[in-house]
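The values are calculated or read from the model by the stated rules, or taken from the named source; none is laboratory data. A quick note: this is a predicted structure, and the numbers were derived from the prediction, not measured. All Cβ positions, even for glycine, are placed from backbone atoms using ideal geometry, and neighbour counts span all protein chains on display. Remember, those area values only see protein heavy atoms, side chains included, never the ligands or the DNA or RNA. Shrake-Rupley method; radii C 1.70, N 1.55, O 1.52, S 1.80 Å.
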Amino acid sequence: MRGIRLFKVFGVSVYIHTTFLILPVLFYFTAGIKGALVIIFVFSCVTAHELFHSLTAKAFGVQVGDITLYPIGGVASINSFPEKPSQELLIALAGPAFNIIFSAVLFYPLYRILGPEVLYNPSLRTWPHTFAYMFWVNPMLAAFNLLPAFPMDGGRVLRAFLAGRVGLRRATQIAVVIGHFFALLFGLIGIMNRNFMLIIIAIFIYIAASNEAFQVELRESIMDHFRENKDEQ
Ligand SMILES: [Zn+2]
């Protein structure tokens with residue numbers, strides 16, 4: 001189930017999963033209108049991030065599917081694999097590039113308007129502090145997504161680097177192991193701090209990393225099969 005379709009842009013449909021709808025409501029009741037606004041802003045940035053991946057993939061002739069927004073983030077489905085590791089590298093970097101460029105553009109005007117005192121102390125106390133909070137969303141998204149672990153973009157960057165040296169299969173295995181390591185680390189920090197959101201993110205990372213390993217393994221097995229058949233002929 002994909003949920004509700006929000007809009008379609010450059011041939012890519014953006015869906016919102018129904019479970020996502022609880023988030024703005026939850027934040028409204030815990031943090032008021034500022035909380036709801038921050039959540040909507042976060043997911044607008046996540047959507048733009050995913051769109052940058054999809055459109056870069058499209059530019060390389062890779063078939064792209066829809067984007068679905070889940071409560072823990074966006075997922076852009078890519079239906080085929082890019083041919084070259086260098087293409088996967090650029091597709092992976094396109095998402096964080098949006099977050100970095102957007103925050104770079106916002107930084108100076110916000111610095112002038114809010115002043116360093118407010119900008120460096122984001123919170124939901126006042127409206128200026130809330131805008132500071134919203135500013136830090138993009139640097140945080142870039143940093144989180146560049147962690148060198150599957151399923152984050154950084155994991156794909158790492159795999160693209162390794163794939164040229166040790167092959168796609170081995171490169172994926174290494175990135176998946178690092179992904180599992182980060183998942184366990186986040187899970188542990190989440191349990192220690194009783195941060196429920198972090199525990200959910202940890203579970204998501206763990207499952208997604210395993211899923212990526214499975215998909216690559218499956219694809220490589222099929223490719224092996226074809227290669228064997230070719231040799232036999
Ligand atoms: Zn991404």
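Matching residues to (1) open to solvent by less than 20 Å² (accessible area, probe 1.4 Å); (2) of a type outside the set (Phe, Trp, Tyr); (3) at negative phi; (4) at pLDDT 80 or above:
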{"position": "Val46", "(1), (2), (3), (4)": "yes, yes, yes, yes"}
{"position": "His53", "(1), (2), (3), (4)": "yes, yes, yes, yes"}
{"position": "Val64", "(1), (2), (3), (4)": "no, yes, yes, yes"}
{"position": "Pro71", "(1), (2), (3), (4)": "no, yes, yes, no"}
{"position": "Glu83", "(1), (2), (3), (4)": "no, yes, yes, no"}
Has segment 184-200 got at least one residue that is at pLDDT 90 or above, away from the ligand (no atom under 16 Å from the Cβ) and either open to solvent by less than 20 Å² (accessible area, probe 1.4 Å) or in contact with a His (Cβ under 9 Å, 6 or more places away or on another chain) (or both)?
yes
Filtering segment 89-136 down to residues that are within 16 Å of the ligand (Cβ to nearest atom) and either small (Gly, Ala, Ser) or in contact with a Lys or Arg (Cβ under 6 Å, 6 or more places away or on another chain) (or both), which residue is most open to solvent (accessible area, probe 1.4 Å)?
Ala97
Return the pairs, sorted by first residue and then second, in which the second residue is surrounded by fewer than 16 Cβ atoms within 10 Å (Cβ to Cβ), the first residue lies in segment 49-71 and is part of a loop (DSSP other than H, G, I, E, B), the beta carbons are less than 6 Å apart, and the residues are 6+ apart or on different chains.
Val62/Ser80; Gln63/Asn79; Gln63/Ser80; Pro71/Thr19
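Would you be able to tell me the number of residues in segment 143-156 that are part of a helix (DSSP H, G or I) and surrounded by 21 or more Cβ atoms within 10 Å (Cβ to Cβ)?
As a first pass, look at segment 143-156 and keep what is part of a helix (DSSP H, G or I): 143-145, 153-156.
So of that shortlist, the ones also surrounded by 21 or more Cβ atoms within 10 Å (Cβ to Cβ) come out as 145, 153-156.
Of the residues in segment 143-156, 5 are part of a helix (DSSP H, G or I) and surrounded by 21 or more Cβ atoms within 10 Å (Cβ to Cβ).
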May I ask you to list pairs of residues, at least six apart or on different chains, whose Cβ atoms are under 6 Å apart, with the first in segment 88-100 being farther than 12 Å from Val62 by Cβ and in contact (Cβ under 8 Å) with a residue 60 or more places away in the chain and the second being of a type in the set (Gly, Ala, Ser) and more than 9 Å from the ligand (Cβ to nearest atom)?
Leu89/Ala160
Does Leu124 qualify as being modelled with pLDDT of 85 or more, in a loop (DSSP other than H, G, I, E, B) and more than 29 Å from Gly179 (Cβ to Cβ)?
yes
